[in-house]
1. Select from the range 179-196 the residues that are in contact with a helix residue (DSSP H, G or I) (Cβ under 9 Å, 6 or more places away or on another chain), open to solvent by 10 Å² or more (accessible area, probe 1.4 Å) and either free of Cβ contacts under 8 Å to residues at least 60 places away in the same chain or under 20 Å from D320 (Cβ atoms) (or both) and list them in ascending order.
2. For the condition assigned to a loop (DSSP other than H, G, I, E, B) and under 24 Å from W305 (Cα atoms), what is the one hit in G75, G67, G62, G82?
3. Just to be sure I understand, how many residues within the range 1-15 are touching a strand residue (DSSP E or B) at 6+ places or on another chain (Cβ under 9 Å) and open to solvent by 20 Å² or more (accessible area, probe 1.4 Å)?
4. List the strands (runs of 3 or more DSSP E) inside the range 219-327, counting only whole elements, that have at least 2 residues being surrounded by 13 or more Cβ atoms within 10 Å (Cβ to Cβ) and of a type in the set (D, E, K, R).
5. What is the one condition in (1) in contact with a Phe, Trp or Tyr (Cβ under 7 Å, 6 or more places away or on another chain); (2) aliphatic (A, V, I, L, M); (3) open to solvent by less than 30 Å² (accessible area, probe 1.4 Å) that A91 does not satisfy?
6. Would it be correct to say that D353 is surrounded by fewer than 16 Cβ atoms within 10 Å (Cβ to Cβ), out of contact with any helix residue (DSSP H, G or I) (no Cβ under 7 Å at 6 or more places or on another chain), assigned to a helix (DSSP H, G or I) and touching a residue at least 12 places away in the same chain (Cβ under 8 Å)?
7. Limited to the range 137-190, what total is found for residues that are over 27 Å from G352 (Cβ atoms), among the hydrophobic types (A, V, I, L, M, F, W, C) and part of a helix (DSSP H, G or I)?
8. Restricted to the range 94-109, and to residues that are in a helix (DSSP H, G or I) and touching a residue at least 12 places away in the same chain (Cβ under 8 Å), which residue is least open to solvent (accessible area, probe 1.4 Å)?
Amino acid sequence: MAQQVRGVVAPGKNEPVRVETILVPDPGPGEAVVKIQACGVCHTDLHYKQGGINDDFPFLLGHEAAGVVEAVGEGVTDVVPGDFVILNWRAVCGKCRACRRGRPWYCFDTHNARQKMTLTDGTELSPALGIGAFAEKTLVAAGQCTKVDPSVAPAVAGLLGCGVMAGIGAAINTGQVGRGDSVAVIGCGGVGDAAVVGSRLAGAARIIAVDIDDRKLETARSMGATHTVNSRTTDPVEAIRELTDGFGADVVIEAVGRPETYRQAFYARDLAGTVVLVGVPTPDMKLELPLIDVFGRGGALKSSWYGDCLPSRDFPMLIDLHQQGRIDLGAFVTETIGLDDVEKAFARMHEGDVLRSVVVF
């Protein structure tokens, strides 16, 4: 029997979000109902609200979440009711060509719950990234549930569900930052700061944080950046080269998702260096680079989806590192809020006042 819960809905493009009553069906085969304990307010949710992802309104927002499995459907064996889980938006299939080649983080057939959550009038909801976790409970594919140590605070654990994992993974998995490397991170929001943390964890010798906001640069330094560059007043390409003996960084991570900053990343890397795009562009953006420069500089130009993570491998590992004190995931939580405060949290995000607002239930 479907349950009635409260959830945050984006009714139309650029319209204010509303807290509505949501109907969550019992889990079917391969599905799970999760009681949400915490969910971060991610910029991707704002993209949904603005119509930047698609126009499949109304959306049930929220995806960066942790909670407890309440019920599972037929055939589910990896999680059971009572398990504390982080939700992920790339449940791997195990059967596609990427999975068969041993690269499940590139899975081409990730899946979500088959049933739809609805409003009380029957209107079907599109859950953000197949999750929809700005709700007291949500329905997901069981493969979207990753079991982790239940002793960690939900507000901290949930951040691995998207932004923090994306940034750490961009450095470690995609960029393959190594010991002694020089790294530049352009854009020091939550994802960029996570890339700083990942670079430090990987043993980078020099980590250069670039942003137009001195407050964000100070936060990046507290996360492990060794140098900062305010690109509003300084040419970041020249500054990065000066800080790397004139060569450029071994790895440049672009965490903004704009053509202008991508060009900066491209020219701020060393010969045969790596550029990692983890910032999310909009569909209308175009990039123009001289092809001779692409050829002549060598190296690698990579995009990083979800930090090329494998949730079953990476989530428990990062929680363990947090528990050991080797990374401070709690440093990303600026404030905890209620469901009714999500619209205000989007406004604070625009103002650059927060790394993460986290809805706590």
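The values are calculated or read from the model by the stated rules, or taken from the named source; none is laboratory data. As the structure is a computational prediction, the values presented were derived from the model and not from experiment. Using ideal geometry, Cβ is built from the backbone for each residue, glycine included, and neighbour counts are taken over all protein chains shown. Just so you know, the surface numbers come from the protein's heavy atoms only, side chains and all, with ligands and any DNA or RNA stripped out. Shrake-Rupley method; radii C 1.70, N 1.55, O 1.52, S 1.80 Å.
1. Selection gives R179 alone.
2. Working: G75 fails: under 24 Å from W305 (Cα atoms); G67 fails: assigned to a loop (DSSP other than H, G, I, E, B); G82 fails: under 24 Å from W305 (Cα atoms).
It is G62.
3. Number satisfying all stated conditions: 5.
4. Working: elements: 227-230, 249-254, 269-277, 300-303.
Hits in the range 219-327: 249-254, 269-277.
5. (1)
6. On the way: surrounded by fewer than 16 Cβ atoms within 10 Å (Cβ to Cβ): yes; out of contact with any helix residue (DSSP H, G or I) (no Cβ under 7 Å at 6 or more places or on another chain): yes; assigned to a helix (DSSP H, G or I): no; touching a residue at least 12 places away in the same chain (Cβ under 8 Å): yes.
Answer is no for this residue.
7. Start the filter on the range 137-190 by keeping residues that are over 27 Å from G352 (Cβ atoms), which leaves 137-152, 173, 176, 178-181.
With among the hydrophobic types (A, V, I, L, M, F, W, C) added as a condition, the list becomes 139-142, 145, 148, 152.
Narrowing further to those that are part of a helix (DSSP H, G or I): 142.
Residues meeting the conditions: 1.
8. Initial filter on the range 94-109 (in a helix (DSSP H, G or I)): 97-100, 104-106.
Subset that is touching a residue at least 12 places away in the same chain (Cβ under 8 Å): 104-106.
Numbers: P104: 26, W105: 70, Y106: 101 Å².
It comes out as P104.
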